Amino acid sequence: MIVLNNGKASESKSRTVRLGVGECFKVIRDHILDRKVEELPAEIIENYLKYGRADIGDEYKTLMEEAAKSYVDKIFAELKAHGYNPNLMKLYVMGGGAKIVELVGSYDSDNVTFNHDMRANAKGYEYFCYMKLRRQKAMASAG
């Protein structure tokens, strides 16, 4: 989670939260396993996470949606615990989990933007590190 103020990253307010799409995969898999006592094929869960749909029976779809909703609710609770206020700021959701957040999340669509690029988070962190190194290099040259 990177907090931006006037387009600049605030390092002191930025956090790493371990709630990536892999966690959602596990939540869905475990929920189906608990309820149906069978393991859903990984490809079905992956398609649901990527595209928001799966060609399976309604009972399984409902269970997957329940699990995904629980996961997304956890993400929003974590964001709020770290200062996210949907009435005061915009939210940009990027990467592999963006489709699921868009599909089952409860949010104000006027204040949330989605970027479904699977590498968006990695690109953002790469840029963040590049800017930090550049700043450090400039400070070392000036000092």
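The values are calculated or read from the model by the stated rules, or taken from the named source; none is laboratory data. This one's a predicted model, so the numbers in the text were calculated from it and none came from an experiment. A quick note on method: Cβ atoms are made from the backbone with ideal geometry, for glycine too, and the neighbour counts reach across all protein chains shown.
Pick from region 97-111 the residues that are crowded, with 16+ Cβ neighbours inside 10 Å and in contact with an Asp or Glu (Cβ under 9 Å, 6 or more places away or on another chain): which of them is nearest to Gly52 (Cα to Cα)? Per the stated criteria, the residue is Leu103. Go through the residues of region 57-79 one by one and say whether even a single one is assigned to a loop (DSSP other than H, G, I, E, B), under 15 Å from the mean Cα position of the chain (by Cα) and surrounded by 12 or more Cβ atoms within 10 Å (Cβ to Cβ). No: region 57-79 contains no residue that is assigned to a loop (DSSP other than H, G, I, E, B), under 15 Å from the mean Cα position of the chain (by Cα) and surrounded by 12 or more Cβ atoms within 10 Å (Cβ to Cβ). Candidates Ala42, Ala9, Ala54: the one that is modelled with pLDDT under 90, of a type in the set (Gly, Ala, Ser) and either farther than 20 Å from Asp110 by Cα or surrounded by 12 or more Cβ atoms within 10 Å (Cβ to Cβ) (or both) is Ala9.
Residue by residue through region 80-129, note down the ones that are closer than 14 Å to Gly20 by Cβ and within 11 Å of the chain's Cα centre (by Cα). Listed by number, the residues that qualify are Val93, Met94, Gly95, Gly96, Gly97, Ala98, Lys99, Ile100, Val101, Met118, Ala120, Asn121. Looking at Val21, Val17, Val37, Val27, which is the one that is surrounded by 16 or more Cβ atoms within 10 Å (Cβ to Cβ) and either at pLDDT below 90 or over 19 Å from Gly97 (Cβ atoms) (or both)? On inspection, the qualifying residue turns out to be Val21.
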